[in-house]
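Report on the following structure.
The values are calculated or read from the model by the stated rules, or taken from the named source; none is laboratory data. Since we're looking at a predicted model, the values are computed, not measured. Quick reminder, even Gly has a Cβ in these numbers, built from the backbone with ideal geometry, and neighbours come from all protein chains shown. Surface areas here come from the heavy atoms of the whole protein model, side chains and all, with no ligands, DNA or RNA. Shrake-Rupley method; radii C 1.70, N 1.55, O 1.52, S 1.80 Å.
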Amino acid sequence: QVQLVESGGGLVQAGGSLRLSCAASGRTFSSYAMGWFRQAPGKERQFVAGISWSGGRKYYADSVKGRFTVSRDNATVYLQMNSLAPEDTAVYYCAADPQTRGLQIGSPAYWGQGTQVTVSS
């Protein structure tokens, strides 16, 4: 059974930090590209960050560059979020795909259930 389980969401004040985690199981996810998307109320889901299976390549949306850092440890992927702003409020979804392109085009093979991040002003 494939599972991507996110944790670490919550409520934080603007300027604060959160660290999201996503533990994947049920496949050899250590050989998958993994990443994060987010969806704010009334908006489409958007790519946030991705990392190759080796961890050697990382990709970020322009809106989070310099503030967010994606990393992984085998089949667990992390998203360190610093300098959070109210516009970062969204449900954050973990995703995985055999190829990085699956993340880049917004069609990964697997999704997590999402974790809410709320940034208060």
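In order along region 65-76, the Karplus-derived 3J(HN,Hα) couplings, from 6.51 cos²θ - 1.76 cosθ + 1.60 at θ = phi - 60°, round to 4, x, 10, 10, 9, 9, 8, 8, 9, 6, 9, 10 Hz, and Gly and Pro are given as x. Karplus-based coupling profile of region 19-34, in residue order and whole Hz: 10, 8, 10, 9, 9, 10, 8, x, 9, 7, 5, 5, 9, 9, 6, 9, with θ = phi - 60° in 6.51 cos²θ - 1.76 cosθ + 1.60 and x standing for Gly or Pro.
For n ≥ 4 DSSP H runs only, could you compute -39500 (n - 2.57) per run for the chain, divide by its residues and tell me the 222 nm figure to the nearest 500? Could you put the intermediate results ahead of the total?
Working: 1 runs with 5 residues, N = 121.
The per-residue figure over the chain is -1000 deg cm²/dmol.
In a reduced charge model with +1 at each Lys and Arg Cβ and -1 at each Asp and Glu Cβ, region 59-107 shows a dipole moment near 120 debye about its Cα centre. Accessible area per residue for the chain, computed on protein heavy atoms with a 1.4 Å probe, is 51 Å².
Remark: region 1-117 projects, on average over all directions, an area of 6.4 nm² (convex hull of Cα atoms).
Label positions at SER83 and GLN99, each projected 7 Å from the Cα along the C-beta direction, are separated by 3.4 nm.
Sequence-ordered 3J(HN,Hα) estimates for region 86-98 from the Karplus curve with 6.51, -1.76 and 1.60 and θ = phi - 60° stand at x, 6, 7, 4, 4, 8, 9, 10, 7, 8, 8, 8, x Hz, glycine and proline given as x.
Using a cutoff of 8 angstrom between alpha carbon atoms and counting only pairs six or more residues apart, the relative contact order for the chain works out to 35 percent.
Expressed as a whole percent, the accessible surface of the chain that belongs to carbon and sulfur atoms is 44, based on a 1.4 Å probe.
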